[in-house]
Amino acid sequence: MIWNYLKIAIRNSQNNKLFTFINIFSLTLGITACMVIYLFIHDERSFDAFHDQKDQIYRLNEIQSFTGTNTQHVALSMPGMGPNLIKDYPEIESFTRYWTRGKNLFEHADTKITVESTIMVDSTFLAIFDYPLMEGERAGILDEPNTMVLTQETAKKLFGDEPALGESIRIDEDLFKITGVLEDVPENSHLQFDALISMTTVTRENPEFNNRFGSNFMVTYLVFNPNTDVKALEAKMPDFMLKMMPPDEGDTDDINDYYVLYFQPLEEVHLGATHVEHDYQNYRKFNGAYLDIFALVGIFILLIASVNFMNLITARASHRWKEVGVRKAIGARKGQLFSQFTVESMLLGFLAFVFAVLLGLAVTPLLNTLIGRELSFTYFFEHPIFLLLAFGVSVGLGFLGGLYPSLYLASFDTVRVLKGGEVKTNKSLFRSSLVVLQFGLAIAMVVSTLLVVQQLGFIKEKDIGFEKDHMVLVELNDDANEAYETLKTELKNSSHVLGVTASGQRLGSNFHQWGFKIKSDTVRRITPSNVHVDFNYLDVYSIKVKEGRGFSKEYARDDGFAFVVNEAFVEEFGVGESPVGVRAGHSWHHDDSLGSIIGVVEDFHFNSLHHEINTLAMVVHPDWGFSEMTIKISGQNVSEALAEIEETWNTLIPRWPFEYSFLDEHFEELYRSEQQMEAVVSMMAILAIFIACMGLFGLIVFTTERKTKEIGIRKILGASASQIMVHLSRNFAWMMLIAFVLFSPFTYFLIKQWLENFAYRIQINPVVFLIGGVLAFLIAMLTI
């Protein structure tokens, strides 16, 4: 019997090729979109999931509230926190600190390589985090000073195919013994490194390092005992801070007014830390809230495709009343009719599933190129449970799609049908509701896309207060700092170079805060953002001076005793009608040896637009050394300019290879989550409209077929083609209007929530909703 049902289903599909194509293709697109979105979500949620103790590992974060700076969550902590927390609180099983030592030159025999990420960690690091070990014994692997663990890639660069274990390498003047080799760090780890150095290298010679408080420059991870009440432990942290950093005699300040410690679960570090600043060790940090949006988009697409599927099956079935009448007349029972229709629709669902898998295999590599991921559709074959789930959804939709028409058609009056009387098919409230749902979701996605694009365009076009195009960034080490002035002079001789400057921190990465003093009638202590820069920093970046002047080598005290502040600084502290000339200095300056404010610059966005502009003080301190050099090039011939810069670098700093990046690329990275959201939502909005219009096309074909006689009569009576079109599309137009009214508030709420992620954002203009609705309406009418 089943085989007979299948033969009839295949025959009906062949006889209605257009209906079959639309139904299978639209559902294929919906299932493929859902599967690919699931891959993306799974990839993001898989971060750090390979660690056995993942549920017990927490990152120690701070909320810093200093006078003169915005309250901020910070991922950095003090060296003494881990060692002292484990002593005072039995809830903590273990800790490890993660201290980046930057780029280093590794030397072994005649081999020299530059290692991008060298990290100093406690001996417990590889007991807490389960990075796979290829060589060496995990127990005690980093116990001794001057020991090191390499990743497989780093070891191969140094030793080729020879074993690395037990060998030594030189970093500057120090020798390090290799005690282990790790597999390369997985892509889904928020910590990325090339080499690990034992923390005992520092702590054996300087035991007081473990009791050092006051400055934050490392990341601390804690392992809690199972069933630890994390909130109760956080409530004990004010006492801990007061114990470790008691006020000076006569000082009424409480350290807890400035620092609040809290513990962030490891599973939230990658996806739940967009509000955390100074979060430098968080690879591919992503806004986890967007995953919910992506999941919702996937469900929307599948709903639209499912509505198409059910609508078209229902519409097509309504033309088969004669067939049903004959079947019932020769004895077919309702159960047999039900089986026939459900088998037919389930067959279409099965074919859609097969094509969805093939399409997914084909498009995933292209998607990886667009969004910078390493997604693999073969994941579903490696985890068949998810493939079976997709199969179940596809066939289940087929079952549901056939359920309504089978019950509906089985209720026809057989005698009336066989006498030639046409079955009365009133407008289906069910089908109309599905069309409203389908186009409501499509309109919501179109409007959302327009607003997302508008916000990201606002970010790209907003005047951030300095130039970021054609700015080449080069990291500076000790060798480069020693040769900086010569390097700067030589580079400026190039016709391609418009300016050369340097700074202690990169724009867009949130400058550090440290103590500052202002002296008017009394001395006021504040903590703004600070950055030390070269004399010509403001000129090269075209940062506008509003009052006073910028730095100059012509003034001796501009070296270390002159400060340029921003408008936010002046507004926050109200330093008088003119801040120029006000005595000021770092917290370590004596009150009688302060420098002065020499200028005020217009506010510029030295952080991303996710955050409001903070108070800022800039100072020149060449003796501190710079972390990065900025070379402003003309942009006329970028490749030639880079070649000249590299040649100059190699001549003056032969030990270190020339490596560079562009500032505008760095700023694009700051908004990577939003750009990926834009890409996904845009693609899915186009897909939603396309699928919805395919369904609309199918429905209008069936409507036109059913009304062929009516259309003929209307034309005989003088109706024009446009009048007939208006008549055919009138009901659909009403449905789209209802969809627009119902789904606009829902869309407004979602987009408003998303915009809260930005300190600087667009205002939602109702006209955008109208444009989105009209656009969807015009596409639908064009389809009709």
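The values are calculated or read from the model by the stated rules, or taken from the named source; none is laboratory data. What you see is a predicted model, and the numbers here were worked out from it, not measured in a lab. Here Cβ is always computed from backbone atoms with ideal geometry, including for glycine, and neighbour counts include all displayed protein chains. Surface areas here come from the heavy atoms of the whole protein model, side chains and all, with no ligands, DNA or RNA. Shrake-Rupley method; radii C 1.70, N 1.55, O 1.52, S 1.80 Å.
With respect to Ala164, determine if the residue is open to solvent by less than 40 Å² (accessible area, probe 1.4 Å), at pLDDT below 95 and not in a strand (DSSP E or B).
Details: open to solvent by less than 40 Å² (accessible area, probe 1.4 Å): yes; at pLDDT below 95: yes; not in a strand (DSSP E or B): yes.
So Ala164 passes the test.
Does Phe386 fit the bill of being modelled with pLDDT of 80 or more, surrounded by fewer than 18 Cβ atoms within 10 Å (Cβ to Cβ) and within 30 Å of Ala759 (Cβ to Cβ)? Explain how you work it out, then say what you get.
On the way: modelled with pLDDT of 80 or more: yes; surrounded by fewer than 18 Cβ atoms within 10 Å (Cβ to Cβ): yes; within 30 Å of Ala759 (Cβ to Cβ): no.
Here the answer is no, as Phe386 does not meet what is asked.
Quick check on the range 176-200: of everything there that is at pLDDT 95 or above and of a type in the set (Asp, Glu), which residue is least open to solvent (accessible area, probe 1.4 Å)?
For the range 176-200, the residue satisfying everything is Asp194.
This table checks each residue for (1) of a type in the set (S, T, N, Q); (2) more than 21 Å from Gly515 (Cβ to Cβ); (3) free of Cβ contacts under 8 Å to residues at least 60 places away in the same chain.
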site	(1), (2), (3)
Ser552	yes, yes, yes
Val565	no, no, yes
Val582	no, no, no
His589	no, no, no
Ser593	yes, no, yes
Val600	no, no, yes
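Among the residues of the range 576-589, write down those that are open to solvent by 40 Å² or more (accessible area, probe 1.4 Å), part of a loop (DSSP other than H, G, I, E, B), of a type outside the set (Val, Ile, Thr) and in contact with a strand residue (DSSP E or B) (Cβ under 8 Å, 6 or more places away or on another chain). I'd like the intermediate steps shown before the answer.
Filtering the range 576-589 for residues open to solvent by 40 Å² or more (accessible area, probe 1.4 Å) gives 576-578, 580-581, 583, 587-588.
Pick out the ones that are also part of a loop (DSSP other than H, G, I, E, B) and you get 576-578, 580-581, 587-588.
When the remaining residues are screened for being of a type outside the set (Val, Ile, Thr), the result is 576-578, 581, 587-588.
Across the range 576-589, the qualifying residues are Ser578, Gly581, Ser587.
Yes/no per residue for (1) under 30 Å from Phe294 (Cβ atoms); (2) at pLDDT below 85:
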position	(1), (2)
Gly712	no, yes
Lys715	no, yes
Gly718	no, yes
His727	no, yes
Thr747	yes, no
Leu755	yes, yes
Ile771	yes, no
Ile784	no, yes
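Can you pull out the residues in the range 599-622 that are out of contact with any Asp or Glu (no Cβ under 8 Å at 6 or more places or on another chain) and under 25 Å from Gly548 (Cα atoms)?
Taking the range 599-622 as the starting set, the residues that turn out to be out of contact with any Asp or Glu (no Cβ under 8 Å at 6 or more places or on another chain) are 604-606, 608-610, 612, 614, 616-619.
If the condition is that a residue be out of contact with any Asp or Glu (no Cβ under 8 Å at 6 or more places or on another chain) and under 25 Å from Gly548 (Cα atoms), then Phe604, His605, Phe606, Glu612, Asn614, Leu616, Ala617, Met618, Val619 are the ones that fit.
Kindly list, by first and then second residue, each pair from a residue in the range 742-763 that is under 24 Å from Gly440 (Cα atoms) to a residue that is β-branched (Val, Ile, Thr), limited to pairs with Cβ atoms under 6 Å and residues at least 6 apart or on different chains.
Close Cβ pairs (under 6 Å, with a partner that is β-branched (Val, Ile, Thr)) amount to Phe743/Ile443; Thr747/Val447.
Looking at Asp253, is it surrounded by fewer than 16 Cβ atoms within 10 Å (Cβ to Cβ) and farther than 30 Å from Ser587 by Cα? It would help to see each step written out before you state the result.
Details: surrounded by fewer than 16 Cβ atoms within 10 Å (Cβ to Cβ): yes; farther than 30 Å from Ser587 by Cα: no.
No.
May I ask you to say which residue of Thr124, Thr114 is modelled with pLDDT under 95, of a type in the set (S, T, N, Q) and touching a strand residue (DSSP E or B) at 6+ places or on another chain (Cβ under 9 Å)?
Values: Thr124 fails: modelled with pLDDT under 95.
None of the others qualify; the one that does is Thr114.
Among all residue pairs at least 6 apart or on different chains, which show Cβ distances below 8 Å where the first residue, located in the range 212-227, is free of Cβ contacts under 8 Å to residues at least 24 places away in the same chain and the second is among the β-branched types (Val, Ile, Thr)?
none
Please determine, by comparing only the residues of the range 201-228 that are of a type in the set (Phe, Trp, Tyr) and in a loop (DSSP other than H, G, I, E, B), which one is surrounded by the fewest Cβ atoms within 10 Å (Cβ to Cβ). Can you show your working first?
Within the range 201-228, the first condition is being of a type in the set (Phe, Trp, Tyr), and the residues that meet it are 209, 213, 217, 221, 224.
After this cut, where a residue has to be in a loop (DSSP other than H, G, I, E, B) as well, the list is 213, 217.
Values: Phe213: 16, Phe217: 13.
In this case the residue turns out to be Phe217.
Return yes or no: is Phe466 more than 30 Å from Asn637 (Cβ to Cβ), in contact (Cβ under 8 Å) with a residue 12 or more places away in the chain and of a type outside the set (Lys, Arg)?
On the way: more than 30 Å from Asn637 (Cβ to Cβ): no; in contact (Cβ under 8 Å) with a residue 12 or more places away in the chain: yes; of a type outside the set (Lys, Arg): yes.
No, not satisfied.
Restricting the search to the range 119-148, which residues are surrounded by 17 or more Cβ atoms within 10 Å (Cβ to Cβ), more than 14 Å from Glu183 (Cα to Cα) and free of Cβ contacts under 8 Å to residues at least 60 places away in the same chain?
Of everything in the range 119-148, those that are surrounded by 17 or more Cβ atoms within 10 Å (Cβ to Cβ), more than 14 Å from Glu183 (Cα to Cα) and free of Cβ contacts under 8 Å to residues at least 60 places away in the same chain turn out to be Thr124, Ala127, Ile141, Leu142, Thr147, Met148.
Restricting attention to the range 83-129, report how many residues are in contact with a His (Cβ under 6 Å, 6 or more places away or on another chain) and farther than 16 Å from Arg59 by Cα.
Pass one, the range 83-129, residues in contact with a His (Cβ under 6 Å, 6 or more places away or on another chain): 129.
The next check asks that each one be farther than 16 Å from Arg59 by Cα; those that pass are none.
Final tally of qualifying residues: 0.
What residue, of Val638, Val601, is out of contact with any helix residue (DSSP H, G or I) (no Cβ under 7 Å at 6 or more places or on another chain) and on the phi < 0 side of the Ramachandran plot? Outline the logic, then answer.
Values: Val601 fails: out of contact with any helix residue (DSSP H, G or I) (no Cβ under 7 Å at 6 or more places or on another chain).
One residue alone meets the criteria, Val638.
Pull up the range 256-278, narrow it to residues that are assigned to a loop (DSSP other than H, G, I, E, B) and out of contact with any strand residue (DSSP E or B) (no Cβ under 8 Å at 6 or more places or on another chain), then point me to the one that is most open to solvent (accessible area, probe 1.4 Å).
To start, the set of residues in the range 256-278 that are assigned to a loop (DSSP other than H, G, I, E, B) comprises 258, 270-275, 278.
Subsequent filtering for residues that are out of contact with any strand residue (DSSP E or B) (no Cβ under 8 Å at 6 or more places or on another chain) retains 270-271, 274.
Details: His270: 4, Leu271: 27, Thr274: 57 Å².
Result: Thr274.
Can you name every residue in the range 578-604 that is among the hydrophobic types (A, V, I, L, M, F, W, C) and within 17 Å of Thr527 (Cα to Cα)?
In the first step, residues of the range 578-604 are kept if they are among the hydrophobic types (A, V, I, L, M, F, W, C); the result is 580, 582, 584, 588, 594, 597-598, 600-601, 604.
Those that are among the hydrophobic types (A, V, I, L, M, F, W, C) and within 17 Å of Thr527 (Cα to Cα): Val582, Ala584, Trp588, Leu594, Ile597.
For the range 557-575, does any single residue satisfy the condition of being crowded, with 22+ Cβ neighbours inside 10 Å and in a helix (DSSP H, G or I)?
So far as the range 557-575 goes, yes, one or more of its residues are crowded, with 22+ Cβ neighbours inside 10 Å and in a helix (DSSP H, G or I).
I'm checking my understanding of the structure. Among residues of the range 467-482 that are open to solvent by 20 Å² or more (accessible area, probe 1.4 Å) and assigned to a loop (DSSP other than H, G, I, E, B), which one is farthest from Lys103 (Cα to Cα)? Lay out the reasoning, then the answer.
Quick first cut of the range 467-482, residues open to solvent by 20 Å² or more (accessible area, probe 1.4 Å) only: 467-470, 475, 477-479, 481-482.
Add one more test, that the residue is assigned to a loop (DSSP other than H, G, I, E, B), and what stays is 467-470, 477.
Details: Glu467: 27, Lys468: 24, Asp469: 25, His470: 24, Asn477: 8 Å.
Once the filter is applied, the top-ranked residue is Glu467.
Out of the residues in the range 483-540 that are assigned to a loop (DSSP other than H, G, I, E, B) and more than 27 Å from His586 (Cα to Cα), which is most open to solvent (accessible area, probe 1.4 Å)?
Within the range 483-540, the subset assigned to a loop (DSSP other than H, G, I, E, B) is 483, 493-496, 504-512, 514-515, 520-522, 527-528, 534-536.
Filter once more, so that each one left must be more than 27 Å from His586 (Cα to Cα): 483, 493-496.
Numbers: Ala483: 19, Asn493: 115, Ser494: 20, Ser495: 100, His496: 23 Å².
If we take residues in the range 483-540 being assigned to a loop (DSSP other than H, G, I, E, B) and more than 27 Å from His586 (Cα to Cα), then Asn493 is most open to solvent (accessible area, probe 1.4 Å).
Looking at the range 590-604, which of its residues are open to solvent by 10 Å² or more (accessible area, probe 1.4 Å), more than 16 Å from Pro579 (Cα to Cα) and not small (Gly, Ala, Ser)?
His590, Asp591, Asp592
Among Glu187, Glu162, which is the only one that is without any contact (Cβ under 8 Å) to a residue 12 or more places away in the chain and either within 37 Å of the chain's Cα centre (by Cα) or farther than 27 Å from Asn477 by Cα (or both)? Walk me through how you get there before you give the answer.
Working: Glu187 fails: without any contact (Cβ under 8 Å) to a residue 12 or more places away in the chain.
Within the list Glu187, Glu162, the selection yields Glu162.
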